[in-house]
């Protein structure tokens with residue numbers, strides 16, 4: 001199938017599934033779409049037993065979608081920019097300490113905790129996997145996705161400071177998680193003896209600092225251009241060019257594109273409305289990026305559901321995936337404990353912040369995309385299956401129950 005036809009099929013499926021969810025299921029948007037997509041995929045698999053042509057064509061279409069490139073090189077930048085554009089700097093400043101620790105030390109600690117626990121889990125089942133590959137899995141499963149959980153937190157009337165922590169952490173830990181994954185991937189390819197501690201540190205700092213400098217510079221340049229004009233059509237196009245330009249330049253310079261677009265989005269979203277944009281431009285830019293956000297998320301979560309067609313349904317792999325769910329949650333809980341303990345008294349955290357942030361740390365498409373980028377000798381099929389099991393559990397079970405957990409915690413704190 002041509003790229004246009006694949007995009008057409010995905011958009012049509014997204015529209016149909018969105019209608020079914022809005023009209024009948026009334027579940028949170030992204031969660032509803034993914035559940036319907038999984039049901040649709042299971043239906044195709046059952047139909048495939050009677051008519052192989054249908055299943056073969058469906059698999060061919062999904063296999064022709066380069067999920068890794070589509071998400072990491074294209075969709076992720078747009079999604080992160082859209083989220084960053086609506087993130088208020090004042091809220092981030094108040095929570096900058098815990099957010100910085102959650103998104104850096106938290107991600108690195110979670111990577112090593114999950115990697116180590118998985119290594120010993122495989123050993124216990126006499127299924128030895130190289131430790132560095134287990135760490136790669138830890139890196140790809142540690143980043144969290146705020147998209148699925150944000151609407152639910154709003155419905156649960158979650159305090160703004162809790163929402164800021166979850167969104168702020170997720171915006172930055174995607175970028176940091178990808179950088180950690182890249183560093184570990186290069187070590188896995190070249191061997192630890194080929195890379196010194198200085199090489200690893202330089203690679204990490206270059207990716208992170210380079211991405212943030214690029215984002216700030218590009219955001220400032222776009223801001224200066226928009227400051228001297230007042231034309232909403234041109235200014236919307238400038239924001240679009242900004243995201244695409246940053247993504248291309250980050251790839252060329254070998255710095256973190258996700259961090260760059262987050263920094264550019266936060267800079268522009270907080271500075272431009274006060275100085276560079278008219279009220280009309282502000283409205284159009286906001287609506288444009290809201291639409292981009294909704295459309296790409298619809299396609300992404302439909303794709304996650306359809307990926308079930310190409311995931312290896314090996315019994316042992318599925319068992320590892322089921323065991324990995326509590327291990328990943330435990331690692332996140334431990335990784336968040338330090339920052340929560342440090343800032344709890346200073347920033348007046350709501351009760352059981354660690355528990356809520358652990359359960360509200362939804363894993364999403366970025367984890368699947370990174371798993372797909374593993375090389376076959378790195379246990380690609382094994383880790384892809386485990387990742388898919390965790391992501392599906394995370395989005396459906398955690399996503400549908402986090403609102404009830406927040407309400408329960410708030411109710412107990414009020415009565416207590």
Pairs, please: C-beta under 7 Å, at least 6 apart or cross-chain, first residue on the phi < 0 side of the Ramachandran plot and in contact (Cβ under 8 Å) with a residue 24 or more places away in the chain and in the stretch 62-84, second surrounded by 15 or more Cβ atoms within 10 Å (Cβ to Cβ) and outside any helix (DSSP H, G or I)? 62/310; 63/310; 68/373; 83/146
Please state which of the following conditions residue 17 fails to meet, knowing it meets all the rest: (1) at pLDDT below 90; (2) surrounded by 14 or more Cβ atoms within 10 Å (Cβ to Cβ). (1)
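Residues 193, 207, 163, 169: which one is within 28 Å of residue 243 (Cα to Cα) and modelled with pLDDT under 85?
Working: 193 fails: within 28 Å of residue 243 (Cα to Cα); 207 fails: modelled with pLDDT under 85; 169 fails: modelled with pLDDT under 85.
Checking each option against the conditions leaves just 163.
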Kindly indicate whether any position in the stretch 28-46 is part of a loop (DSSP other than H, G, I, E, B), touching a residue at least 12 places away in the same chain (Cβ under 8 Å), surrounded by 15 or more Cβ atoms within 10 Å (Cβ to Cβ) and in contact with a helix residue (DSSP H, G or I) (Cβ under 7 Å, 6 or more places away or on another chain). yes
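What number of residues within the stretch 243-259 satisfy the criterion of being part of a helix (DSSP H, G or I) and touching a residue at least 60 places away in the same chain (Cβ under 8 Å)? If you could, list the steps in order and put the result at the bottom.
Just the residues of the stretch 243-259 that are part of a helix (DSSP H, G or I), to begin with: 243-253, 257-259.
Pick out the ones that are also touching a residue at least 60 places away in the same chain (Cβ under 8 Å) and you get 243-244, 246-247, 251, 257-259.
Qualifying residue count, the stretch 243-259: 8.
Could you say which residue among 358, 401, 312, 387 is in contact (Cβ under 8 Å) with a residue 24 or more places away in the chain and part of a loop (DSSP other than H, G, I, E, B)? Reasoning before the result, please.
On the way: 358 fails: part of a loop (DSSP other than H, G, I, E, B); 401 fails: part of a loop (DSSP other than H, G, I, E, B); 387 fails: part of a loop (DSSP other than H, G, I, E, B).
After applying the criteria, what remains is 312.
Per-residue answers, yes or no, for (1) more than 14 Å from the chain's Cα centre (by Cα); (2) farther than 26 Å from residue 247 by Cα; (3) surrounded by fewer than 23 Cβ atoms within 10 Å (Cβ to Cβ):
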residue	(1), (2), (3)
62	yes, no, yes
79	no, no, no
92	yes, no, yes
96	yes, no, yes
116	yes, yes, yes
130	yes, yes, yes
143	no, no, no
Could you count how many residues in the stretch 260-301 are in contact with a helix residue (DSSP H, G or I) (Cβ under 7 Å, 6 or more places away or on another chain) and free of Cβ contacts under 8 Å to residues at least 12 places away in the same chain? 2
Looking at residue 50, is it surrounded by 14 or more Cβ atoms within 10 Å (Cβ to Cβ), out of contact with any strand residue (DSSP E or B) (no Cβ under 8 Å at 6 or more places or on another chain) and closer than 30 Å to residue 316 by Cα? no
Which ones in the stretch 263-283 are within 22 Å of residue 76 (Cα to Cα) and surrounded by fewer than 16 Cβ atoms within 10 Å (Cβ to Cβ)? none
Please state which of the following conditions residue 240 fails to meet, knowing it meets all the rest: (1) in contact with a helix residue (DSSP H, G or I) (Cβ under 7 Å, 6 or more places away or on another chain); (2) modelled with pLDDT of 95 or more. (1)
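The values are calculated or read from the model by the stated rules, or taken from the named source; none is laboratory data. Not measured: the values here are computed from a predicted model. All Cβ positions, glycine included, derive from the backbone under ideal geometry; neighbour counts span all protein chains shown.
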